[in-house]
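The next block holds one structure in the form of structure tokens; read it before the comments.
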Amino acid sequence: MEIEVRLFGGLAERAGGQRTRVEVADDATVADLRSALAAKHPPLAPLLARVNVAVDLEVVDERHPLAGAREVAALPPVAGGAADDHDAPRVLTGLRRPPLAVEDALATIATPDVGATAVFLGTVRDHAGDLDDVVRLDYSAYEAMAEKVLADLAAEVVRDHPSVRGIALLHSVGALPVGAHTILVACTSPHRTAAFAACEDALERVKDRVPVFKREVTGDGAHRWVGLPDA
């Protein structure tokens, strides 16, 4: 059977497009898909061991069958609305084009019963580790999956931190110059200790699981994808 695979970030760049089609057996698994991708696109071969595969918006393991899949994607390393229930925490999640509307987001999750709001606001800086003269970051995403994962993570954080009364998980996509905001994680609760703990936990989950991909661009036009070795 023929499988269409969506590619993101540096994978799309090296394969020459955001979609590719490969032939696999009718009983093929994700492991077979990796082999087929490596055969069709040799530049991807050394990267595939570090790539997650999502089937119908869920990351799956090597044994997962591909028969019946509606959408398949190869994901390189990653760099809503308020609830109707008056007693439920207020939740705001999603991808956003710059600039991030920070004040609006904080107002959306605010309630009269909270005494603390912990905020993490990521910002593009002019260097990155061993890379000087960074002029912008380009963020791309597997958008449908990223929206779902952000919403799922917010629900997890609310479940694991019962005192949270509001949570915002927003991530920028597109070209972001130095000084632009990349991500907003905010949690509200009656007291600061719980708000800080929930905010840190939420940030780590976003960094680990949301399929958003980052390219660092320097003043001379050179670039590299975070998480992938140089070509």
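Going by how many other beta carbons lie within 10 Å of each one, how would you line up 35, 172, fewest first?
The most exposed by this proxy come first: 35, 172.
Can you pull out the chymotrypsin sites (Phe, Trp or Tyr not before Pro) in segment 144-231 whose DSSP state is coil and whose Cβ has at most 12 other Cβ atoms within 10 Å?
none
Any chance you could check the Cα centroid distance between segment 138-202 and segment 35-72 for me, in angstrom?
Cα centroid of segment 138-202 versus Cα centroid of segment 35-72: 27 Å apart.
May I ask for the net charge around residue 160, where only other residues with Cβ less than 13 Å from the Cβ of residue 160 are counted and Lys, Arg are +1 while Asp, Glu are -1?
-3
If neighbour count is taken as other Cβ atoms inside 10 Å, put 120, 8 in order from fewest to most.
Lowest to highest Cβ neighbour count: 120, 8.
Mind checking the dipole of the chain: about its Cα centre, +1 per Lys or Arg Cβ, -1 per Asp or Glu Cβ, Debye to the nearest 20?
300
Match the structure shown to one of the listed values [x] 0.96; [y] 1.10; [z] 1.02 of Rg/Rh (Cα atoms, Kirkwood Rh), computed from it, and give that label.
Calculated Rg/Rh (Cα atoms, Kirkwood Rh): the matching label is [z].
Kindly list the residues of segment 1-40 that lie in the label zone of residue 230, defined by a backbone N under 19 Å from the point 7 Å along the Cα-to-C-beta vector.
Within reach of a label on residue 230, which here means backbone N under 19 Å from a point 7 Å along Cα→Cβ, segment 1-40 contributes 10-11, 13-14.
For 1, 145, what ranking results if the residue with the fewest other Cβ atoms within 10 Å of its Cβ goes first?
Lowest count first: 1, 145.
A short reminder: the numbers here are calculations on the coordinates, not readings from a lab. Treat the numbers as computed from the prediction; the structure is a model and nothing was measured. Positions of Cβ are backbone-derived with ideal geometry, glycine not excepted, and every protein chain shown enters the neighbour counts.
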